1. To the nearest 0.05, what FRET efficiency results for Ala31 and Arg97 with a Förster distance of 25 Å applied to their C-beta separation?
2. Suppose R0 equals 25 Å; then what is the FRET efficiency for Ser81 and Arg43 from their Cβ-Cβ distance, rounded to the nearest 0.05?
3. Where does the range 142-183 land on Rg(C-alpha)/(2.2 N^0.38 Å)?
4. Which value results when the Cα radius of gyration for the range 18-75 is divided by 2.2 N^0.38 Å?
Amino acid sequence: MIASQPAPVTESVPAPSAGRDEDDLVTGFVAGDEACLAVVHQRWSALVHCVARRSLGDAREAEDVTQQVFIAAWRGRAGYSPGRGTLAGWLIGITRRKVADALSARSRRAALVDAAGAALAVRPQESPSLDGVLDQVLVAHELARLPPPQRKVLRLAFYDDLTQPQIAVVTGWPLGTVKSHARRGLLRLRQAFDPTPDGDTAPPRA
């Protein structure tokens, strides 16, 4: 089947580049030959993705990291020196740095959600400053995507420093309903900031 359809293969990876040895490929890549970039991606993207997924435990994040690695490699290609190691080894080095960045970002996002959840459990006079949480554009964006009841409860808690019993009074909802909306809203935020690897847990239903 593959032999009978050569055209798509030729279009995606030019035949001259596909046949290059690694020295020639590296020379072309460093010189800015986009055909060589296509071959580099074809040869090593699966390896980069595998390393990223094993470290992150999440396919979507691994795909993002893989894309970031090849963008960074292409932009920084002038800094690659064959004398210091193979091109594949250089790509894995970039992968490890991008994975570390992704893990740090994940930790920061999780910390924001944890701080938001803690704010619901304390009285206003005991509450720490929430400026560092509320000023985060990412949190505000994700709050806006929540179902209206969950968004209302979390906004009253975060922006107005209301406790759950106070929110029940303001909204006229039973305290159990307020707690349910708060819990589901926080779960949705956590899922948005820190996706569960490959469906271990289904997203909370509204």
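All of the numbers you see were taken from the coordinates with simple rules; none came from a lab. Computed from a prediction, not measured in an experiment: that's the story for all the values here. With ideal geometry, Cβ positions are generated from the backbone for all residues, glycine too; neighbour counts draw on all protein chains shown.
1. The calculated FRET efficiency here is 0.55.
2. Values: r = 19 Å, r/R0 = 0.77.
Once rounded, the FRET efficiency stands at 0.85.
3. Here the Cα radius of gyration is 1.01 times the empirical estimate.
4. 1.20
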